[in-house]
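Computed from the coordinates by the stated procedures, all read-outs in this text should not be read as laboratory data. Quick caveat, the model's predicted, so the values are computed rather than measured. When we count neighbours, we look across all protein chains shown, and the Cβ atoms used for this are built from the backbone with ideal geometry, even at glycine.
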Amino acid sequence: MTQATSAVALDGDVVDRLIQLIRDNGTDLAESALTVPTAHFVSRERAEAEITLMRSLPLIVGHVSDIPDPGSFFTRTILGIPLLVVRQKDGSVGVFRNMCRHRGGHVEPAEKGRKPIFMCQYHGWSYAAEGGALKGVPYEETGGKVDRRCNSLIAFPAEVRHGLIFATLSDIEPRTVAAYLGPEIDSQILPWQLEESVVFIDETIELDINWKLVVDGTIDSLHAQFLHPKPGGVGSRTVNHCAVFKEFGRHGKMFMARAKLKKLLDAGEDGSASSKYIGTVMQIFPNNVFVEAPEHVELWSVWPNVDDPTKCSVRFRFLVRADILSPELEARVRKSWEILREAGMEEDFPMEASIQRNAVSWPEGSYHYGRNEKPAQHLHRQLHKEIDGARTGPGTISFS
Ligand code: FES
Ligand SMILES: [Fe+2]
C-alpha cells in the first residue's frame, strides 16, 4: 500500500455487481431464509458449546505493539482463562496461563510491563519470561525436589501474523493462522500492514447483549435507514438493502455502496471507477469484525461473557499505519471513532439490548433472518455447521 487512501482491495467483479444491485434495488440473496432459536442467545448450554469451539480456534488476543520488546508482557483474561502474554527474544510471543504451578496463584498481577522473571507473590516460585521455565522454588530443600521439566508455565499455541497475536486456548493440534484465515482473507489483510500500525483507539465496552447479536449488527445491511436516520448519520451515507457478500469458508466479506455511488449513477455517470465509494466489513470467524475505512482499520473483537450468555464485551481497536499518521489523519480517525461510538451507544446497542431482553423473555421462540440478510446469516450457518454438525431438529436453526 503506497498511499494513505483507498486501500480497500476489491475483487474485479464487486464494483460491477454492486452497481447492478443499486440499479435493481437489490441485494445478494441467501439460498433460503433462516430461523434461529432465541435460545441461542440465552442458553448456557449453547454458550458453553460456542466457547468450547472458540477455544479451539486461533483467536486474536492482542497486537504486537502491546509488547514491543523482549520481556514486555500484558495480562488479560480471555474466555475465562487468565493469560500472560510475553514477547520473546526471537520476536515470537509466548502465551501462558497466568497461573503458578505451585498452587495456582497468578504469577503476574500487573496489566502490563517488562520483566525478565515473573515471581508468584504467594510463596515465591519464579519463572523465566523467556519460555516460561520454572527457575526458583524457595525452601525446596524442605518442600521436596520440584521437577523443572514439567513445571514450566503452561503455554498455549501462539503465532503472530499481520501484527496480530493469535492464540489457541486449548490443547488441540493447532493450525497455522494462514491456513485458518485462508488465502482470500489473508491476502486482503496484508495490504493494511497491521504489523507497522499503531493501535490508535483501544476501547472496551461491556454490553448486556449476547455476542452474536453484536456481530449481527455489524453486518446488517438492512437497518441503517431505519435505525440511523439522522441527517449526516450512517443511514444517510450508505445505500440501504444493497450488499454483495462473499463467503470465504468460515469467514466472509460484505461490500456496501456509499450513498455517493448511487448519486453518481442517478446523475447518469457509470460509477465503475468508484471503488472509494464502497465500504467493506470482513467477518473473521468467529468473533472479529474488520471494517476497512479509507485510511484505517476498525477491528472489533466481540467476547462472550463466560458466566452469562446475555452479556459480552467488545474491544475496539482502530489501527493506523505509523508512517502516515499525521495530526489531520488523527483528527479524522478520532472523528470516525466518535461517529461509531455515538451510533453504537445511542442506536445499535440499545436496539440489540432490546432484542436480547426479548430473547430472555421468550426463550422458546425464534428470530427470522431473511434471504436478503445473507451477511447476517453467515455466522449462524457457520456455528450450526461447527457445533451442531449440520444436525437439524429441536434447538437448532432451520431453513425455509
Ligand atoms: S501459589 Fe505460587 S508460589 Fe505458591
Ligand atoms: Fe448500525
query = Quick one: length gained pulling Arg17 to Arg258 fully straight, 0.36 nm per residue minus the C-alpha distance?
reply = 85.4 nm
query = Can you count the Lys pairs in segment 66-159 whose Cα atoms are under 18 Å apart, with each pair 8 or more apart or on different chains?
reply = 5
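As a test of the definition: which semi-axes, in Å, follow for segment 66-159 when you take the square root of five times each eigenvalue of its alpha carbon gyration tensor? Largest first, please.
For segment 66-159, the ellipsoid semi-axes come out as 22, 14, 12 Å.
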inquiry  = Counting other beta carbons within 10 Å of each residue's own, what order do Tyr367, Tyr127 fall into, fewest first?
reply    = Tyr367, Tyr127
ask   = Please state the relative contact order of the chain as a whole percent: Cα pairs under 8 Å, 6+ residues apart?
value = 25
inquiry  = For the pairs Lys230/Lys374; Lys263/Lys374; Lys335/Lys385, flag any whose C-alpha to C-alpha distance is greater than 28 Å.
reply    = Lys335/Lys385
task = Quick one: give the max-minus-min coordinate of the C-alpha atoms of segment 31-110 along each principal axis, largest first, in Å.
result = 51, 35, 18
message = Pairwise over distinct Cα atoms, reciprocal of the mean inverse distance: report the Kirkwood radius of segment 130-272 in Å, one decimal place.
response = 20.6
ask   = In the calculated pair distance distribution of segment 193-276, what percentage of Cα-Cα distances lie above 22 Å?
value = 48
request  = Using DSSP to define loop residues, name the GluC sites (Glu not before Pro) in segment 345-400 whose beta-carbon has at most 12 other beta-carbon atoms within 10 Å.
outcome  = Glu364
remark   = Listed residues Val42, Val146, Val198; largest mean-square fluctuation, Gaussian network over the chain with Cα springs below 10 Å, found at Val146
Loop-located trypsin sites (Lys or Arg not before Pro) in segment 37-99 whose Cβ has at most 12 other Cβ within 10 Å (DSSP) = Lys89
remark   = For segment 55-60, Karplus-derived ³J(HN,Hα) couplings (6.51, -1.76, 1.60; θ = phi - 60°; whole Hz; x for glycine and proline) come out as 5, 8, 10, x, 10, 7
message = If the elastic network links every pair of Cα atoms under 10 Å, which of Leu264, Leu59, Leu29 fluctuates the most in the Gaussian network model of the chain?
response = Leu264
query = Across every pair of different alpha-carbon atoms, what Kirkwood hydrodynamic radius in Å does the chain reach?
reply = 22.8
ask   = Whole-Hz Karplus ³J(HN,Hα) for segment 288-301, in order, using 6.51 cos²θ - 1.76 cosθ + 1.60 and θ = phi - 60°, x for Gly and Pro?
value = 10, 10, 10, 8, 8, 8, x, 10, 7, 10, 10, 9, 9, 10
query = For the chain, modelled as a Gaussian network with Cα springs under 10 Å, which listed residue fluctuates most, Thr204, Thr218, Thr238?
reply = Thr204
ask   = GluC sites (Glu not before Pro) within segment 136-215: which are DSSP loop residues with at most 12 other Cβ atoms inside 10 Å?
value = none
